[in-house]
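Read through the structure below, which is laid out as structure tokens, and then see the notes.
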Amino acid sequence: MAITYDLVKSVAAQLYEAALKKVPEDTKDALRRAYEAETKEVSKKTLAFMLKSAIKSEEKDHLVCSDAGIPVYFVKLGSNARLGFDIKQAISDGFDHLVATIQPPILKHVTNPLTLERGYKGKEMPITTFDVIAGADHIDIMCSPKALGSGRWAALEIFSFPSLETIETYVMDCVMKAGSQHCPPVVIGIGIGGTFDYAAKLAKEATLRPLGSLNAEPILKDMEERLTKAVNATGFGPMGTGGDTTALAVHVNYAASHGFVPVAVCFNCWINRRMGARIGADGSVSLYE
């Protein structure tokens, strides 16, 4: 078997459904650690409720949250992968299949920004980005639906030769502005450098990094530790109930840039929705979070 249109279509639908119904294992583990460390009783109860919801939704095959978000796919194409079809169309058709078959049904969240008309599809939907994996013959597809709560508070600003302190102050400004409206405890992604558009991509990709993994760049590892401590010191806590855990993690990516340095900040809500698949050259499919 090879990588085919039908296979990619099926995987695209499967990934979106799984992302809506299953909280990643590393995220459940992080919620458990937060529960054990939490000192505020109401926040402890909130974290326990989140964990119970995560487990029940998976057991009963239900949505974790009624906001299914908008379809977002990250695709990495092996440079040696052999495709004889339009992979973007296959992913789009997979999303259409999901909309038609998923139970319980999802709501219409895709919105025309010019008319505010809502539906399941629209211009440039699903949002799909592509990268290349040198020397590989497989493809990776990651689905990370983006909903209103966390999506509303993403931000970007461009600085000239900023210090690390300037960058961290801006991140905390974004955190304070969001408050608890992004459904904490959140995963925060930060993109530094590149260009306007690339910094945002770096930030989003940072949210997909497994929780508990350490940044390979020492400067960024230290920044992540400082920011995680600072965010949790705000006291917003789980779903704004106060407490010790506003962020499960802060992840930072960077790229070289000019003297102008974009800094992008984005958030994933406590569900931290993501589900990926590697499709081998032989048509094998391996799921991962």
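The values are calculated or read from the model by the stated rules, or taken from the named source; none is laboratory data. In this text, all values refer to a predicted model and were calculated from it rather than measured experimentally. Positions of Cβ are generated from backbone atoms using ideal geometry, with glycine treated the same way; all protein chains shown enter the neighbour counts.
Key figures
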| quantity | calculated |
| --- | --- |
| Pairs with Cβ under 6 Å, 6+ apart, first in the range 200-222 and in contact (Cβ under 8 Å) with a residue 24 or more places away in the chain, second in a helix (DSSP H, G or I) | 210/26; 211/26; 211/30; 215/221; 215/224 |
| Residues satisfying the stated conditions in the range 222-248, i.e. at positive phi and of a type in the set (Gly, Ala, Ser) | 235, 237, 240, 242, 243 |
| Condition check for residue 152: in the same structural domain as residue 282 (by TED's automatic domain parsing) and more than 23 Å from residue 18 (Cβ to Cβ) | no |
| Any hit, the range 275-285, residues being in the same structural domain as residue 84 (by TED's automatic domain parsing), assigned to a loop (DSSP other than H, G, I, E, B) and of a type outside the set (Gly, Ala, Ser) | yes |
| Selected residue (only one of 126, 113, 104 is out of contact with any Phe, Trp or Tyr (no Cβ under 6 Å at 6 or more places or on another chain), closer than 27 Å to residue 6 by Cβ and not assigned by TED's automatic domain parsing to the domain that holds residue 251) | 104 |
| Selection from the range 1-28 of residues that are among the aliphatic types (A, V, I, L, M) and touching a helix residue (DSSP H, G or I) at 6+ places or on another chain (Cβ under 6 Å) | 8, 12, 13, 23 |
| Residue in the range 84-91 that is surrounded by 13 or more Cβ atoms within 10 Å (Cβ to Cβ) and either assigned to a loop (DSSP other than H, G, I, E, B) or modelled with pLDDT under 95 (or both) present | yes |
| Failed item, numbered, when residue 77 is tested on (1) of a type outside the set (Asp, Glu); (2) within 23 Å of residue 151 (Cβ to Cβ); (3) in contact (Cβ under 8 Å) with a residue 40 or more places away in the chain; (4) buried (at least 17 other Cβ atoms within 10 Å of the Cβ) | (2) |
| The listed residue being on the phi > 0 side of the Ramachandran plot and surrounded by 18 or more Cβ atoms within 10 Å (Cβ to Cβ), out of 193, 151, 179, 189 | 193 |
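Listed here are the residues, each with its yes/no results for (1) touching a Ser or Thr at 6+ places or on another chain (Cβ under 8 Å); (2) without any contact (Cβ under 8 Å) to a residue 40 or more places away in the chain.
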site: 224; (1), (2): no, yes
site: 233; (1), (2): no, yes
site: 238; (1), (2): yes, no
site: 261; (1), (2): yes, no
site: 269; (1), (2): yes, no
site: 285; (1), (2): no, no
